[in-house]
Amino acid sequence: MKMPMSTKLRLAAAGSALALFSASSMAATVPDVTSEEALSHLAAEDLELLQEAVVEALTDPRNSVTVRWRNEASGNAGRAQVVGTFRARDARSCKVLRIVAPEADSLSYTVCRDDSGNWLEASDVRAPRMRG
């Protein structure tokens, strides 16, 4: 699924495996999963489609959602899944995000919303067991 140029994601901080991406039409940021070493074999367009799927999955209000992506040019496909939501002890809204991409192990992140509405990796939060 291609987004119009006005909503293309632009890099906010590069280099780190958990740098942030922001969408120009959205106030919130989400973790950048595209710099994970496990995904380094994917084409740049694959990574863009994957990151768009992450944004869509995290901004979806449902407790469980799967957003699929497919790059017809490379033949690669995958998905970004929210496999559960919960409240952290400090009352932050959190989600468990799973990334599935070709030739890579499933990657999982616990992300929580901060007071500004940004989704950030929450290494200080232990997610409950999620099925899926």
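The values are calculated or read from the model by the stated rules, or taken from the named source; none is laboratory data. Note that the structure is a prediction, hence the values are computed from the model and not measured. Note that each Cβ is placed from the backbone with ideal geometry, even for glycine, and that neighbours are counted across all protein chains shown.
Quickly run through the range 102-120 and pick out the residues that are free of Cβ contacts under 8 Å to residues at least 12 places away in the same chain and under 19 Å from Thr34 (Cα atoms). Passing the criteria: only Ser106.
Of these, Arg10, Arg79, which one is at pLDDT below 85 and either part of a loop (DSSP other than H, G, I, E, B) or in contact with a Ser or Thr (Cβ under 8 Å, 6 or more places away or on another chain) (or both)? Exactly one residue qualifies, and that residue is Arg10. For Val125, state whether it is free of Cβ contacts under 8 Å to residues at least 60 places away in the same chain and either hydroxyl-bearing (Ser, Thr, Tyr) or touching a helix residue (DSSP H, G or I) at 6+ places or on another chain (Cβ under 8 Å) (or both). Considered against the rule, which asks whether it is free of Cβ contacts under 8 Å to residues at least 60 places away in the same chain and either hydroxyl-bearing (Ser, Thr, Tyr) or touching a helix residue (DSSP H, G or I) at 6+ places or on another chain (Cβ under 8 Å) (or both), Val125 comes out as no.
Would you check if Leu58 is out of contact with any Ser or Thr (no Cβ under 6 Å at 6 or more places or on another chain), surrounded by 14 or more Cβ atoms within 10 Å (Cβ to Cβ) and either among the aliphatic types (A, V, I, L, M) or without any contact (Cβ under 8 Å) to a residue 12 or more places away in the chain (or both)? Yes, satisfied. Which residue is farthest from Glu36 (Cα to Cα), if the candidates are limited to the range 85-101 and must be crowded, with 19+ Cβ neighbours inside 10 Å and touching a residue at least 40 places away in the same chain (Cβ under 8 Å)? Among residues in the range 85-101 that are crowded, with 19+ Cβ neighbours inside 10 Å and touching a residue at least 40 places away in the same chain (Cβ under 8 Å), the one farthest from Glu36 (Cα to Cα) is Leu97.
For every residue, the table says whether it meets (1) crowded, with 18+ Cβ neighbours inside 10 Å; (2) modelled with pLDDT under 95; (3) touching a strand residue (DSSP E or B) at 6+ places or on another chain (Cβ under 8 Å).
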| site | (1), (2), (3) |
| --- | --- |
| Ala53 | yes, no, yes |
| Glu103 | no, yes, no |
| Ser106 | no, yes, yes |
| Ser116 | no, yes, no |
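Reported count of residues in the range 82-132, each being under 22 Å from Asp46 (Cα atoms), small (Gly, Ala, Ser) and in a strand (DSSP E or B), is 1.
The set of residues from the range 51-72 being closer than 16 Å to Trp119 by Cβ and in contact with a Lys or Arg (Cβ under 9 Å, 6 or more places away or on another chain) comprises Glu52, Ala53, Ala57, Leu58, Asn63, Val67.
Being among the hydrophobic types (A, V, I, L, M, F, W, C), assigned to a strand (DSSP E or B) and over 19 Å from Glu36 (Cβ atoms) is the filter here; which residues of the range 59-76 pass it? Answer for the range 59-76, where residues must be among the hydrophobic types (A, V, I, L, M, F, W, C), assigned to a strand (DSSP E or B) and over 19 Å from Glu36 (Cβ atoms): just Val65.
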